[in-house]
Amino acid sequence: YRGCGKHSLVARVLASLETDGVPAFDVAHLSGSAHAEAAPAMRELVRQLAAPGTERRASRYVDDLALVSDELGRRRAEGGAPLLVVLSQLECFALQQRQTLLYVLLDAVQSKLGCIVVLGITTDRNVLELFEKRVRSRLHNNRVTFGHAALDDVLAMLDDRLRLDDSDYGKAFAAAWT
């Protein structure tokens, strides 16, 4: 369902996994509406993995794939934080004719590189039926399903998001606001 808090839940879980401000995962986000095709998605993944201040100029899919593979191998060798790839609008990736990106990412999960977790977020409950057999064979098929939010849940979420601390703006303003 749209708007039921899938991305918010992922952000909260990742924040709860942090220890002393150090994230448990390095996170890369790919959107199906912008990166559904394998080459642009892999290019964006390389861009997000690049260290700040460095510029990687790989423009061919094969080069980008090699860079990602090298990065995963480096993370495993150095015991670095695993990479979490969040695929928003998973159905857009699944509608691609060859589903190359899905296959490569899920294959990396099962390979010796294994320093990667792939999380797909979708509103389509039947998205698994769209996967090719080779992609489905690499899928662990762990699912979390969200229903429509109850009114009480929506109100509690809004109350949590809109409530101000006294320290933020002062007691008088916070009391007037809430």
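What is the gain in length, in nm to one decimal, between Arg12 and Ala156 on full extension, counting 0.36 nm per residue of separation less the C-alpha to C-alpha distance?
Values: separation 144, 0.36 × 144 = 51.84 nm, distance 1.55 nm.
Stretched out fully, the Arg12 to Ala156 stretch lengthens by 50.3 nm.
Amide H contacts for Gly120 (H built 1.01 Å from N in the peptide plane; partners 5 or more residues away or on another chain; cut-off under 5 Å): Leu87.
Extending 7 Å from Cα along the Cβ direction at Leu95 and again at Ser137 yields two label points whose distance is 2.7 nm. Summarising the amide proton neighbourhood of Ala28: residues at separation of 5 or more, or on other chains, whose placed amide H is nearer than 5 Å comprise Leu84, Val85, Val86.
FYI, it's all coordinate maths here, none of it is from the lab. All values derive from a computational prediction rather than experimental measurement. Using ideal geometry, Cβ is built from the backbone for each residue, glycine included, and neighbour counts are taken over all protein chains shown.
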